[in-house]
Amino acid sequence: MDPSKERIPPPAPLYGNADPLPPMATPPQPYPSNPYSTPYSSPNQPSANLPNNAPNQKGRAQSAAVLFISLLAIAGTLVGSYIILHTSKQTVTYTSGAGTSSSAKYPQTSTFSVSATLFWQDTGVALQAGDQVTITYVSGTWRYAPTAPASDGTGPPEQYICANHYPVASCQLPDPHYVLGALVGKVQSQIVDIGDSLSFVAQQSGELQLAINDGYVSDNSGSIVVQITNRGP
């Protein structure tokens, strides 16, 4: 055979059954910056030892915070209950409507100024049926008429009693059987004749009221101060 005509094998095809190129190595990827995300493992190196218990730690921290807040709420409730129970046992200071008062469980003492120009006046002293009360004149004078002499709680010297001279219905006084211009008091329908001093037991529950024993007060003048003591039942 002519060497010049020797068969030369064709070159390898560019496409077809030729061996493929080796795969390109995947470059390593950086790990995520968030330590609580799933770490990325490069195929060319082992997984990094990132903390895999971080989510559990976060959950435990949240649970601890909730528990701490719950304990604070319980403690606040207990403290509030103690304060309410403690203050409910405190003695209430008794205060009169127009005077000064002293703080005590019993006796409860206050002062009150009684005007001669007003009818029944609320003293601010609330009584219960069975309370023992003492009212005592302290100071001041008043008149039941412009020409009447000034007097204390006992009334003027003549000691005029309307019921001794006229029918009771025509007297129109708080107490027609007591001295005109003297100090009187009442608790509901109970009328008491006080003068300069009186101790009595309240027959009904209600506020103590005081007044001058007069049915026409517009021409009166002056006032007196009294001390009120409630010794309780």
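Coordinate-derived values only; no laboratory data. Since the structure is predicted, the reported quantities are computational estimates derived from the model, not experimental observations. Every residue, glycine among them, receives a Cβ derived from its backbone with ideal geometry; neighbour counts consider all protein chains shown.
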Problem set entry | segment 189-224: number of residues that are under 25 Å from A129 (Cα atoms) and in a strand (DSSP E or B) | 16
For this session: Of all residues in segment 131-188, count the ones that are assigned to a loop (DSSP other than H, G, I, E, B), touching a residue at least 60 places away in the same chain (Cβ under 8 Å) and over 18 Å from A116 (Cβ atoms).
Result: 1
